[in-house]
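Read-outs: derived from the displayed coordinates by stated rules, not from any lab. Fair warning: this is a prediction, and the values are worked out from it, not measured in the lab. Here the Cβ positions follow ideal geometry from the backbone for every residue, glycine too, while neighbour counts run over all protein chains shown.
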Amino acid sequence: MNYDVLVVGSGIGGMESALKLGDMGYKVLVVEKEPSVGGKMILLSKVFPTLDCASCISTPKMAATTHHPNIDVMIYSEVERIKRGRDGRFQVRVRKKPTFVNQALCTGCRQCEMTCNVAVPDQYNADMVARRAAYIAFPQAVPKKAVIEREGTSPCSFACPAGIKAHGYVALVRAGKYQEAFNLILETTPVIGSLGRACYAPCEGECTRGDLEGPLPIRKLKRFVADTYYREHAEPEHKPAGEVKDKKVAVVGSGPAGLTAAMHLARRGYRVKIFEAESRPGGMLRLAIPSYRLPKDVVDRDIKNVTALGVEIETGVRVEDPAGLKEQGFDAVFVATGTPGTRKLRVEGEDLDGVMTSLDFLRRVNLGEKISLEGKTVVVAGGGNVAVDSARVAVRLGARRVIVQYRRSRAEMPAHDWEIKGAEKEGVEFQYLSAPQKFIGENGKLTGIECIKMELGPPDAGGRRKPVAVKGSEYRLPADFVITAVGLAPATEQLAGRLELNQNGTISVNPETLQTSVPFVFAGGDVVTGPSMIVNAVAQGRRAAFFIDRYLRGEELEGTGYDYRMPAVDKQKVTGRQRSYRTLAPVPGREVTGVRAGDFTEIELPLTVEEARYSAGRCLDCGVCSECRQCVAACPAGAIDMTMRAEEVDVEASSVIVSTGFKLFDANLKPQYGYGKYKNVITGMQMDRLLAPTRPYNTVLRPHDGKVPDNIAFILCTGSRDCTVDNPLCSRVCCMYSVKQNQLIMGALPLADVTVYYIDIRAFSKGYEEFYQQASAMGANFIKGRVARIEEKEDGNLVLHYEDIDNGGKLSRAEHDLVVLSVGLLPNTGVFNLFDGDKLEADEFLYVKEVNEDVNPGQTSIDGVFVAGTASGAKDIPDSILHAGAAAAQAAAYVERIRMSK
Amino acid sequence: MKEEVRDIREIIREEMLMRDKILAVLRDGPKTVPEIAQALGCPSHEVMYWVMGMRKYGHVAETEEEDGYYKYRAVAGEGK
């Protein structure tokens, strides 16, 4: 795209330059970093000295700029680089930030804002009130379109292999929207109650709050959401998809992968049938996880989330040839049979009566088989979570003594620390650096174990120290029952020759699409990955459904964007957003104590409502937008597009006008005035917002307590004409905007006293002196004197200590109930980084230097680059407009000059 | 006053958590910010952020002024 002139910034200066050039017939591109044009002027209450409404002046120019036939406006965009090309024209790279709202569809109705669950400071109201992550910048925004502030994927959500929007449901719990939280998780998986109990929660490992006092209990919040929903909805609310396709999909296996895939496929309208080899559906959720950790009624209710969609489940059916299902009318098959096989210890006596594999043991118990270990000594060989689960089940079956025997030390134990501690509390003994060598029996029945002590040798290929037997350390351990828990394996022998398998028996698939060697057969979950987390199986089920759908629709599988997540947001950046953090201790985990034989009561106690909301309230909103998707549901225009990404756009322009405005002085740099600490000390910009029609409060109120102030002080020259903060310049506007605010306050609050502490009043322009005199005549009290410091009283009132110059320079004190710091203007130095090759020079105060100010106003150190408005120095609005007109004329002349020279 | 100085971002983030509590306090009738603060046991300047955020998004509205303080009442919410 080619333009005559690029205008960087759309404040009053930028708009004025653009409009003048557009009117002259030049093609102009305006680039604005905010979601609306208008700069700072649109945020003001009124302008001085006429007291005209700032919005009434700005909005026609904002509309004219965006609708001018010769002007293109790129909002929410930033110029990244300006470089002069060989032909003398400027090559400009612009980064269009993603708004996540289709600007063509958005009607500006604010429904997204109203339903958004993330509150952040509203920079357009000088941080005096909240806005939402989804927001329209301000009521007069042009264009009046919403944007969503997303800095990336929150680390918790990014850590979830299944793509469950952890931040989203945490934000919904925080807002008390439990049903919405449930439905958000249900978008990804049906096994919500199960994950809420048995997920290993990789999200919590990445929680940024973990860098402070400890992570949020994200898993328990999921359980809270599921329990709350299930309590109110014994049966699912959702129904089968409205439009049913004529294609059928078979899912082999009803574990978390199969159930998740079935749900997604059924939602897409496919007719789905699950085949399950066991007598009850649920896979490992039902068979492997003890009911004291995951009650089976929860599994049943999770499964109803799938069957409610019309998915049929047939149990007791072992599918030996998945591809053969085609002959039964299935168009695609998803194999998710998990790892129902167990590895052998390969020691003598493993076949004795009284030796059982962990999975077989847990499966029998979970399916209700009566196994009594009353009074027996039980040894569990292994160190993983399944071993610990088996031990704790053995305790519940009445075992007298339960020993977990592990060949490495505790530090190497794969089971989670909290699981080990839980087992220890229940009386389970742990024998580390010990291994069985032989199971001893009499008459085919186990009587004991011949063990040997181990020591840790050098690390193996995987980096773990290898256990080595200690010679001569053999000992005998009496045992009535042994559970071997040394790993799970897929049972895929029957698939050999039908599907391509890996050496370890897992099914070979394309890792991206999960397609097997038979095109219409897909596979996922543990049967592909080997033993893994439930949430990994969920991830595979979801992925498989996505690609099966594409396959059945005849679409390309390779190269499609399955994972549209943004990169995880930098945690250090998140914690750097705040200067301080209140310590919010995590809710301690609570478990039922005193386990009795036969008691499989769930041991982990749920979060109470108060605990859940408190815990969710600790969330730092890392990504800003939580991806709760409430805006997606609320937007009547369907404008929300979370897949939007930043774009880089290259344009050319013959000339550039820099109109990047100014920054306001940070009042925190004058600590003697207590800004940020004393709540009733505010800045001039904050007072302007309080006086504006689109103000943050219902009227002018004290931020401390909402009181209508009646004794307001202004301290002029805060941060200007002040070498202690390295700013010797006069701001040129703080006298007059303060006088303006005096008059507006006296109009809004007729009973309020207004006092202005000043060094001198600079009423230099047309009508300014009269304006100042008018304020004085209205009752504003002008005291010539510098305020040294401010103290805050118990009631929030403020005591000012000042030098009373007109009364002999004596030190005086005065009490006010609101203090306004009339902050000065500072240069916006970001502009100097834009140019590549040419150097945009700064003046001694770091404003853009006008190299020939008297003769050629607006001319900078770069030929063809001009400066407009306050980017070149502090100015009031009339001067900015005048200066912008000069810059436009300079740019036009430059464009014509190079045109003629060609 | 010796109050903990909390980051504005942290206070504002809590609006979502405090909204239901504030609406519960207002069930008894309109209240000023200090009255709400007392009922919640929270600093009044923090309650200002929450109440004004709720006002902006249509959860509360001001009623009459009394002794220099406006009272706020619960409302149905914009667009509801």
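Here are the numbers for the structure shown:
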{"read-out": "At 0.890 mPa s and 25 °C, Stokes diffusion of region B:8-74 via Kirkwood alpha-carbon radius, µm² per second", "value": "212 µm²/s"}
{"read-out": "Relative contact order %, region B:8-74, counting alpha carbon pairs below 8 Å whose residues are six or more apart", "value": "37 percent"}
{"read-out": "Relative contact order computed over chain A (Cα-Cα under 8 Å; 6+ residues apart), in percent", "value": "16 percent"}
{"read-out": "Ranked A:Ser822, A:Ser279, A:Ser154, criterion: other C-beta atoms within 10 Å, fewest first", "value": "A:Ser279, A:Ser822, A:Ser154"}
{"read-out": "Residues whose placed amide H lies under 5 Å from that of A:Ala381, excluding near-sequence neighbours", "value": "A:Gln405, A:Ile483, A:Thr484, A:Ala485"}
{"read-out": "Check: region B:8-74 dipole with +1 on Lys, Arg Cβ and -1 on Asp, Glu Cβ, in debye", "value": "320 debye"}
{"read-out": "Charge dipole of region A:501-594 about the Cα centre (unit charges at C-beta), most positive-ward option of A:Tyr551, A:Thr529, A:Gln572", "value": "A:Gln572"}
{"read-out": "Cα centroid separation, region A:300-336 to region A:1-65 (Å)", "value": "62 Å"}
{"read-out": "Residue exposure sequence - A:Met778, A:Met454 - by fewest surrounding Cβ within 10 Å", "value": "A:Met778, A:Met454"}
{"read-out": "Alpha carbon centroid spacing (whole Å) that separates region B:20-42 from region A:788-860", "value": "39 Å"}
{"read-out": "Average other protein chain Cβ within 10 Å of Cβ, residues B:54-63", "value": "4"}
{"read-out": "Proxy reagent accessibility, fewest Cβ within 10 Å first, across A:Lys370, A:Lys376", "value": "A:Lys370, A:Lys376"}
{"read-out": "Length released on extending from A:Glu80 to A:Thr560, taking residue separation times 0.36 nm less the Cα-Cα span", "value": "169.8 nm"}
{"read-out": "Full-extension gain in nm, A:Leu811 to A:Glu187, via 0.36 nm per residue minus C-alpha separation", "value": "217.8 nm"}
{"read-out": "Value of relative contact order over region A:422-561, rounded to a whole percent, pairs C-alpha under 8 Å and six or more apart", "value": "13 percent"}
{"read-out": "Size-normalised alpha-carbon gyration radius of region A:284-425, reference 2.2 N^0.38 Å", "value": "1.27"}
{"read-out": "Extent along principal axes [Cα atoms of the protein assembly as shown; Å; largest to smallest]", "value": "114, 71, 58"}
{"read-out": "Zone of A:Glu450's modelled label, taken as backbone nitrogen in region A:341-366 under 16 Å from a point 7 Å along Cα→Cβ", "value": "A:346-352"}
{"read-out": "Dipole of the protein assembly as shown, positive direction: furthest Cα of A:Ala18, A:Gly594, A:Gly864, with charges on the beta-carbon", "value": "A:Gly594"}
{"read-out": "Euclidean distance between Cα centres, region A:714-733 to region A:227-260, Å", "value": "66 Å"}
{"read-out": "Prolate/oblate/rounded call for region A:592-686, Cα gyration tensor, a/c under 1.5 rounded", "value": "oblate"}
{"read-out": "Chain A - mean residue ellipticity at 222 nm from DSSP helices (-39,500 (n - 2.57) per run, n ≥ 4, rounded to 500)", "value": "-8000 deg cm²/dmol"}
{"read-out": "Length released on extending from A:Lys245 to A:Ala64, taking residue separation times 0.36 nm less the Cα-Cα span", "value": "60.1 nm"}
